[in-house]
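Report on the structure given below.
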Amino acid sequence: MTEYQTLTAADTVVRDGTIKLHGPEAFEGMRRAGRLAAETLDALVPLVQPGVTTAELDAFVRQFTLDGGAVPATLGYRGYAHSCCISINHVVCHGIPSDKTLKDGDIVNIDVTPLLDGWHGDSSRMYLVGDVALKARRLIDVTYECLMLGIEQARPGNRLGDIGAAIQRHAEARRYGVVREFCGHGVGRLFHDAPEVVHAARAGTGPELRPGMFFTIEPMINLGKPPVKLLEDGWTAVTRDRSLSAQFEHSVGITETGCEVFTYSPKGLDKPPY
Ligand code: MF3
Ligand code: CO
Ligand code: CO
């Protein structure tokens, strides 16, 4: 049974398994946090080049976030000590910034979450480093299409499973693998809240979508099989078969008629080529 909780400005928000329903001021807060996330991802475009280290990109994200009046929500989150996640090639998600340099032909996901005035704007995009092989570019295109097909299903009256069903259908028709171990999530005052937004599901299943729900959709799609494994560092998730993986993420809010995407690029740089 799904419980919903209509939030007022005075409520303390806890992770109690309820799905939060938000009002107009909350939409305004998410718009601002989401815009900063998008501006951060826009500003990274010229920096993602062969030879740059992922630690340099992380330092840029940290400073850009602080300059925007926010803090990176990942800093200190469950012991994570960085301002973003940077996941290269077969890394599925939660790649840790380091002195590793990007090389020509790499595909890279950068995932940022500014916490601005109490609201989390969670978004990620893929970037191409130099000349990228056609099969990798195709994977990236289809992963972005998966995200947008999921977003198309995000409207009142639909169920959460309709989102995963649309994503799974599109990816599997191309023989790509949909990652099961990580999901989208409720977002807002909390970074990770109910519900879990799975990216492979049966249509018509799961909680009903209601106006005021905020959540992320963040499909991870593999060129090979779905399973992932976690590296020794406890964070880095990689494809078990070492195939390439791609991901895009937007934060959305359900409206009376559909959904509002809080993390669109103001410059239209939502997917490569930039
Ligand atoms: N931003 C990621 C997400 O989309 C979460 C990263 S948590 C971290 O949910 F600790 F790994 F940074
Ligand atoms: Co997320
Ligand atoms: Co994210």
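Per residue, segment 27-144 exposes an accessible area of 38 Å² to a 1.4 Å probe, with every protein chain left in place. Ligands, DNA and RNA left out, the 1.4 Å accessible surface of segment 220-259 is 52% carbon and sulfur atoms. Spatial offset of segment 69-106 relative to segment 142-203 amounts to 22 Å, using the alpha carbon center of each.
Across segment 1-152, the mean sequence separation of Cα contacts (distance under 8 Å, 6 or more residues apart), normalised by length, yields a relative contact order of 23 percent. Provide, for q = 0.13, 0.18, 0.20 Å⁻¹, the log10 of I(q)/I(0) from a solvent-free Debye sum over equal Cα point scatterers in segment 122-274. Calculated log10 I(q)/I(0) at the listed q: -0.57, -1.08, -1.29.
For the chain, the direction-averaged projected area of the alpha-carbon convex hull comes to 13.3 nm². Note on segment 90-165: Cα convex hull, mean projected area over all directions, 7.3 nm².
Taking the chain as a Gaussian network of alpha-carbon nodes connected by springs under 10 Å, the highest mean-square fluctuation of the residues Gly234, Gly212, Gly34 belongs to Gly234. Surface composition of segment 118-205: carbon plus sulfur atoms hold 45% of the accessible area, using a 1.4 angstrom probe and ignoring ligands, DNA and RNA. Ordering Ser245, Leu66, Val48 by the projection of their Cα atoms onto the charge dipole of the chain, which places +1 on the Cβ of Lys and Arg and -1 on the Cβ of Asp and Glu, puts Ser245 at the extreme positive end. Normalised by 2.2 N^0.38 Å, where N counts its residues, the alpha-carbon radius of gyration of segment 1-120 equals 1.23. For the chain, a simple Cβ point-charge model (Lys and Arg +1, Asp and Glu -1, everything else neutral) yields a dipole of about 760 debye relative to the Cα centre.
In this Cβ point-charge picture (+1 for Lys and Arg, -1 for Asp and Glu), segment 127-197 has a dipole of about 160 debye about its Cα centre. For segment 175-266, the solvent-accessible area of protein heavy atoms averages 41 Å² per residue (probe radius 1.4 Å; ligands and nucleic acids excluded).
Heavy-atom accessible surface of Arg31, to the nearest 10 Å², is about 90 Å², with a 1.4 Å probe and all protein chains retained.
Here is the P(r) of segment 59-194: all C-alpha pair distances, binned every 5 Å from 0, give 2, 9, 16, 20, 19, 17, 13, 5, 1, 0 in whole percents.
Projected onto their three principal axes, the Cα atoms of segment 184-274 cover extents of 43, 35, 27 Å, largest first.
For segment 2-84, with all protein chains in place and a probe radius of 1.4 Å, 54% of the accessible heavy-atom surface sits on carbon or sulfur. Would you list, by chain and number, the lysines whose Cα falls below 24 Å from the Cα of Lys103, excluding same-chain residues fewer than 8 positions away? Straight-distance partners of Lys103: Lys135, Lys229, Lys271.
The values are calculated or read from the model by the stated rules, or taken from the named source; none is laboratory data. None of these values were measured; they are calculated from a predicted model. Note that each Cβ is placed from the backbone with ideal geometry, even for glycine, and that neighbours are counted across all protein chains shown. When the accessible area is computed, the model is the full protein with side chains, heavy atoms only, and any ligands, DNA or RNA have been set aside. Shrake-Rupley method; radii C 1.70, N 1.55, O 1.52, S 1.80 Å.
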